[in-house]
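Okay, structure first, notes after.
The values are calculated or read from the model by the stated rules, or taken from the named source; none is laboratory data. Because the structure is a prediction, the values reported are computed rather than measured. Methodologically, a virtual Cβ is constructed for each residue, glycine included, from the backbone with ideal geometry; neighbour enumeration extends over all protein chains shown. Quick note on the areas: whole protein, heavy atoms, side chains included, nothing else; ligands and nucleic acids left out. Shrake-Rupley method; radii C 1.70, N 1.55, O 1.52, S 1.80 Å.
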Amino acid sequence: MKIGIIGTGYVGLPTGVGLAELGNNVICIDSNKEKIESLNSGKITLYEDGLEELFIKNQKNGRLKFTTSMKEGVESADVIIIAVGTPPHPVTKEADMQYIYAAATELAKHLRGYTVIATKSTVPVGTGDEIEQLIKENNPTADFDVISLPEFLREGFAVRDFFNPDRIIIGADSPKALEIIKKLYKPFESKTNILCVKRRSSETIKYASNAFLAIKIHYINEMADFCEKTGADITEVARGMGLDNRIGSKFLNPGPGYGGSCFPKDTMAMAKMAEKYNVEMTLINAAIEGNQNRKKEMAKRILTATEDIKNPKIAVLGLAFKDGTDDCRKSPAMDIVCNLIQSGADITAYDPKAMANAYELVGDKIKYADNMYDCLKNADILTILTEWSEFKTLDLKKASKLMRHKVIIDCRNLIDKKSALKNGFIYRGIGKKIPKKILKEKIK
Ligand code: NAD
């Protein structure tokens, strides 16, 4: 099939590469000239495990092309996938639809013959109707259908998730469009659930899913706080809960709060949407507020541990919003780092993949180390903010020799507490009982 993909970001690019790998002819369109130049010169623009290899392969065999020209990407396509951003509107906090509207308006002019327009971007319920309207206004004779095709890939696992999705949701009110999209996803038919629903249901499924996961994270974080006060251990509690099939073991890792380009904006957009329809979303609103507070609380936790040290040096391991990605958008780690910066902290950070993106956000306000051990040199406190497995391999004996004071605030429960204590560290994890007083006295 001939596919045009609008937007070559964290969703558009892996989708384009994946569909090309399945044998389709894909043209990826992006308005960002530099991105397209880079992609055309064979240089990938984002990090995802296993993506580069497939990108190079399919570009070489001619099934994957990149352009800034909407005309080139749209006029010959059977299916056009919209994968542009829907960031939060800076004022209203609703999904900012300007990129969707611009893409729909622009693509309309170049439609030739029957075309399916599939919205992969996360969009408010009713957006399919709006796109349809915009296309009709800009090209009254166009022959097309608009469907919703929400994306559920996880950053860091985009390639794996593309080829092994938990489910494919197709929101189509047109049988003709549905048949075409089913054909496109035929390779997945035997290995995953393909659920065909109304367009508005599909748009809602995406927000309902992300909001649910955000609430689950917020819930386990609150349970972690409870464990800290009561002497229970959140790791044990989460394991016990997760054995219940009705609950499931995923998304029960406590941490510094949820982040990334999706959960914060999607929970907010869902809450705003519900407000519009006069529906109360108490759980989502509680998760939004609790998650904001959590990041502040984590920064406070780190600062409290350095309170009695003159000019404390903080080593930060992890800047990406999660492991496996270079994405720092709405990263809890970055929020915490910004909070620490505001308090005048002297920070050196290391992240295996996200340092360039972190630099875009905080520039020279922090120092950047080439590896974990350089990051720890003369530090008073080490904090772990992203769950990179590399950090689990930290040689604590070596680390203890490099640091001035030996304190670990582990916001991801990555470090083995026993081993930390054996090497002379004061260790504070998440959801574990901590004698705070001892912590402060020892630092002195
Ligand atoms: P992104 O910001 O990484 O990429 C969007 C791309 O679209 C950019 O390269 C931008 O230049 C391009 N673009 C914007 N307007 C354009 C236009 N008119 N014409 C051509 N190109 C245009 O965004 P993303 O993270 O890939 O997210 C895209 C959508 O997918 C969002 O709605 C998001 O909520 C949703 N989503 C994201 C993820 C994720 O893990 N990132 C997962 C599921 C769904």
Within the range 1-100, considering only helices (runs of 4 or more DSSP H) that don't extend past its boundaries, which have at least 2 residues that are more than 12 Å from the ligand (Cβ to nearest atom) and buried (at least 19 other Cβ atoms within 10 Å of the Cβ)? 12-21, 51-60
Of those in the range 125-178 that are basic (Lys, Arg) and either closer than 30 Å to Lys322 by Cβ or surrounded by 15 or more Cβ atoms within 10 Å (Cβ to Cβ) (or both), the residue nearest to the ligand (Cβ to nearest atom) is Arg154
Whichever residue in the range 294-317 is in a helix (DSSP H, G or I) and among the hydrophobic types (A, V, I, L, M, F, W, C) and, among such residues, is modelled with the lowest pLDDT: Ala305
Report whether or not Glu228 is in contact (Cβ under 8 Å) with a residue 40 or more places away in the chain and closer than 24 Å to Met268 by Cα. no
Is there a residue being in a loop (DSSP other than H, G, I, E, B), modelled with pLDDT under 95 and out of contact with any Pro (no Cβ under 9 Å at 6 or more places or on another chain) anywhere in the range 333-356? yes
Flag for Lys250 being within 24 Å of the chain's Cα centre (by Cα) and open to solvent by 70 Å² or more (accessible area, probe 1.4 Å): yes
Of the residues Lys418, Lys433, Lys437, Lys401, only one is at pLDDT 95 or above, charged (D, E, K, R), outside any strand (DSSP E or B) and surrounded by fewer than 22 Cβ atoms within 10 Å (Cβ to Cβ); which? Lys401
If the Cβ limit is 6 Å and pairs must be 6+ apart or interchain, which residue in the range 251-279 that is farther than 13 Å from Thr86 by Cα pairs with which residue that is open to solvent by 60 Å² or more (accessible area, probe 1.4 Å) and more than 15 Å from the ligand (Cβ to nearest atom)? Ala271/Asn285
Only one of Ala214, Ala238, Ala287, Ala224 that is under 26 Å from Ala320 (Cβ atoms), under 16 Å from the mean Cα position of the chain (by Cα) and modelled with pLDDT of 95 or more: Ala214
Among the residues of the range 358-369, is any under 24 Å from Phe226 (Cα atoms) and free of Cβ contacts under 8 Å to residues at least 12 places away in the same chain? no
